[in-house]
Amino acid sequence: MKDLEQLELRISQFLRIGVVAAGAMMLMGIVATFKLSGDPFFNFQVYDQISLKELLELHVKNGQYGVLISYLGLITLISLPFIRVLLTAVLFLKQREYLLALISSVVLLGLVVSFTLGLEH
Amino acid sequence: MFFNIDIRYAIAASLISIIATSSGAAASFLKDHLTNLRLAVLLELGTVGGAMCGFFISSKINASGLYILFGSFLLFSGVMMLRRKGDTHSTVDHPWSQRLKLAGEFLNEKGVIVPYKVANVPLGLICMFFAGILSALLGIGSGIFKVLAMDGAMKIPMKISSATSNFMIGVTATASAGAFLLRGDIRPEIACPVSVGIIIGSWTGARLMPKLPATTIRKVFVVVLMIASVQMLLKGFST
């Protein structure tokens, strides 16, 4: 039981550090891309479908590294719950709760499938 | 809404901020032992499935449909917040709950250990599926639906429902946020300021919360919800 609480505590510590790290990266991105003039949201008044791959290539080409740091922060943040589900599966496996470990794995698989939906559209 | 950003960018950015809040909150709730981890994992099956469906629908629906849906949702939440009732309690444990040992106990305000059982697990799962769809469509955690389902259908005490729901919304939001990110709908120019603001805001809020009476917070929130819902509905019908 002691081990279990340790693991739960480690999950919460991991989440807290992750949020702070992602926040710091995003803040760096904001500072690096900060512009005083003009409406920063002007480009987003009309929806324009460009995939992440194309967007990243565009930013690399234009040397906009601040935006790339922001993306890194975003990816870190999105991966936090994903890793948490993975850790939960490990936690249940350690407790020999095989049914719950299976359910967590299915949730994990669901997340992967859901991510790939974004690639196809 | 206030910056005239297309609602699809706003929804995608908002999902990111939900992950930030949920992960931050999950960290402290796990320590308090209010989150029912076993229940959360089971119900995440429903919410992630729903989120996938919602993401799929989101590419088929137009912006004005989204405004109307969002406006109605805000109106509904406002009404629900006004309606207050006591805690529910179930005397029977659903067979699935027995099998997965979902029942638990918690320490209430008076320091007494209160055991609780979990009823109607399948209905709860179905509700979670719909909560997942709404989450992906509107960029919300749909925590209010999760709590309503756990409270109404599964008869779980409020404290456990809200902690467990907060814990789950991060995973629900991630399911569609990952897809939106790969599709290129999440733009850091919008999502990053919002998320950094949310992270700082939720720290301040958590410190301020104990000092404000619950009824004041509730009233302020209902007024904000009502104004936002009318604004959304008008926009939906006019475009």
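Nothing in this text is a laboratory measurement; each read-out follows from the coordinates by a stated rule. Treat the numbers as computed from the prediction; the structure is a model and nothing was measured. Cβ coordinates were reconstructed from backbone atoms using ideal geometry, including for glycine residues, and neighbour counts include every protein chain displayed.
Here are some notes:
- Per-residue shielding of B:36-44, expressed as the average number of other chain Cβ atoms within 10 Å of the residue Cβ, stands at 5.
- Proportion of all alpha-carbon pairs of the range B:115-169 beyond 13 Å (%): 54 percent
- When each of the peptides A:99-106, A:5-12, A:61-68 is scored by the mean number of other C-beta atoms lying within 10 Å of its residues, the order from highest to lowest reads A:99-106, A:5-12, A:61-68.
- Base-10 log of normalised Debye intensity for the range A:56-121 (one unit scatterer per alpha-carbon) at q = 0.17 Å⁻¹: -0.72
- Cα-only radius of gyration and Dmax that characterise the range B:72-170, units Å: 13.9, 41
- Its Cα centre serving as origin, the range A:44-96 has a Cβ charge dipole (Lys and Arg +1, Asp and Glu -1) of approximately 460 debye.
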